[in-house]
Amino acid sequence: MKFISTELEGLVVIQPNVFEDDRGYFYESYNEKFFIQNGINVHFVQDNQSLSQQGVLRGLHFQKPPHDQGKLVRVIKGSVLDVAVDIRKNSATYGKPFSIELNEENKTMLWVPPGFAHGFLTLRHNTIFSYKCTNFYNKESEDSLLWNDPAIGINWNIELPLLSEKDKIGKLLSEFDSYF
């Protein structure tokens, strides 16, 4: 596995070693030893998976402490534009987004530590998105930033994504008092 630091401290792109032949492919999507060796010493407690049609945008979600979550995200089938936004109030990159395409071909993963809002836009029909979480889901702790907040400036490259009611009413960064 190759661990690549991003300009947002703690956010890490992970490229697994993929072994392919005429039968298909094999790769380790998680290996605790390699993660610890690369500074990600966490305990995962929950795995989640979603199926979405093209043009679905989910996010920008996070859970407030003490139920905050780190997430290891990847695409099993299809493709997404995956986005993380730094919401750590004392961070030099507070409010800055990072985006990357995760898809079934590149098999790239992203480690999103606590202190980041996270979301994704599906780029293909029947996209299967999977993520491991370091804390259990807690409804009272969930929160979100507005997906199209101009202060954050994410280029989703779509005018009208398919959104849940919850995602239509996320907070503006200017009105947000970070918990991190």
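Scanning the stretch 115-149 for residues that are touching a residue at least 24 places away in the same chain (Cβ under 8 Å), under 14 Å from GLY95 (Cα atoms) and part of a loop (DSSP other than H, G, I, E, B) returns GLY115, LEU146, TRP147, ASP149.
Could you list all residues from the stretch 150-161 that are within 18 Å of the chain's Cα centre (by Cα) and either surrounded by 14 or more Cβ atoms within 10 Å (Cβ to Cβ) or within 24 Å of ASN90 (Cβ to Cβ) (or both)?
Of everything in the stretch 150-161, those that are within 18 Å of the chain's Cα centre (by Cα) and either surrounded by 14 or more Cβ atoms within 10 Å (Cβ to Cβ) or within 24 Å of ASN90 (Cβ to Cβ) (or both) turn out to be ILE152, GLY153, ILE154, TRP156, PRO161.
Of everything in the stretch 4-26, what is in a strand (DSSP E or B) and either modelled with pLDDT under 95 or closer than 21 Å to LEU81 by Cα (or both)? Give them in sequence order. Those that are in a strand (DSSP E or B) and either modelled with pLDDT under 95 or closer than 21 Å to LEU81 by Cα (or both): ILE4, SER5, VAL12, VAL13, ILE14, GLN15. The number of residues in the stretch 75-101 that are under 11 Å from the mean Cα position of the chain (by Cα) and buried (at least 23 other Cβ atoms within 10 Å of the Cβ) comes to 6.
Of a type outside the set (Asp, Glu), surrounded by fewer than 17 Cβ atoms within 10 Å (Cβ to Cβ) and within 19 Å of LYS71 (Cβ to Cβ), is that true of SER164? It is true that SER164 is of a type outside the set (Asp, Glu), surrounded by fewer than 17 Cβ atoms within 10 Å (Cβ to Cβ) and within 19 Å of LYS71 (Cβ to Cβ). Residues of the stretch 75-88 that are under 24 Å from PHE176 (Cα atoms), among the charged types (D, E, K, R) and part of a strand (DSSP E or B): ASP82, ASP86.
Here is the figure for the stretch 134-149: residues that are hydrophobic (A, V, I, L, M, F, W, C), surrounded by fewer than 19 Cβ atoms within 10 Å (Cβ to Cβ) and touching a Phe, Trp or Tyr at 6+ places or on another chain (Cβ under 7 Å) total 0.
If you go through the stretch 11-36 and keep only what is closer than 29 Å to ASN138 by Cβ and touching a Ser or Thr at 6+ places or on another chain (Cβ under 9 Å), you end up with LEU11, VAL12, VAL13, ILE14, SER29. Residues that are among the polar types (S, T, N, Q) and touching a helix residue (DSSP H, G or I) at 6+ places or on another chain (Cβ under 8 Å) within the stretch 125-180 comprise just one, SER144.
Restricting to the stretch 167-180, name every residue that is exposed (fewer than 15 other Cβ atoms within 10 Å of the Cβ) and either among the aromatic types (Phe, Trp, Tyr) or in a loop (DSSP other than H, G, I, E, B) (or both).
Hits for the stretch 167-180 are ILE169, LEU172, ASP177.
Taking the criterion of being hydroxyl-bearing (Ser, Thr, Tyr), under 21 Å from TYR137 (Cα atoms) and more than 15 Å from the chain's Cα centre (by Cα), would at least one residue in the stretch 37-51 satisfy it? No, every residue in the stretch 37-51 fails to be hydroxyl-bearing (Ser, Thr, Tyr), under 21 Å from TYR137 (Cα atoms) and more than 15 Å from the chain's Cα centre (by Cα). Every test in (1) in a loop (DSSP other than H, G, I, E, B); (2) out of contact with any Ser or Thr (no Cβ under 9 Å at 6 or more places or on another chain); (3) free of Cβ contacts under 8 Å to residues at least 40 places away in the same chain is passed by GLY95 save one, and that test is (3).
Suppose we filter the stretch 31-74 for residues that are assigned to a strand (DSSP E or B) and exposed (fewer than 15 other Cβ atoms within 10 Å of the Cβ); how many remain?
Going through the stretch 31-74 one residue at a time, the tally reaches 6.
The values are calculated or read from the model by the stated rules, or taken from the named source; none is laboratory data. Computed from a predicted model, the values in this text were never measured in an experiment. All Cβ positions, glycine included, derive from the backbone under ideal geometry; neighbour counts span all protein chains shown.
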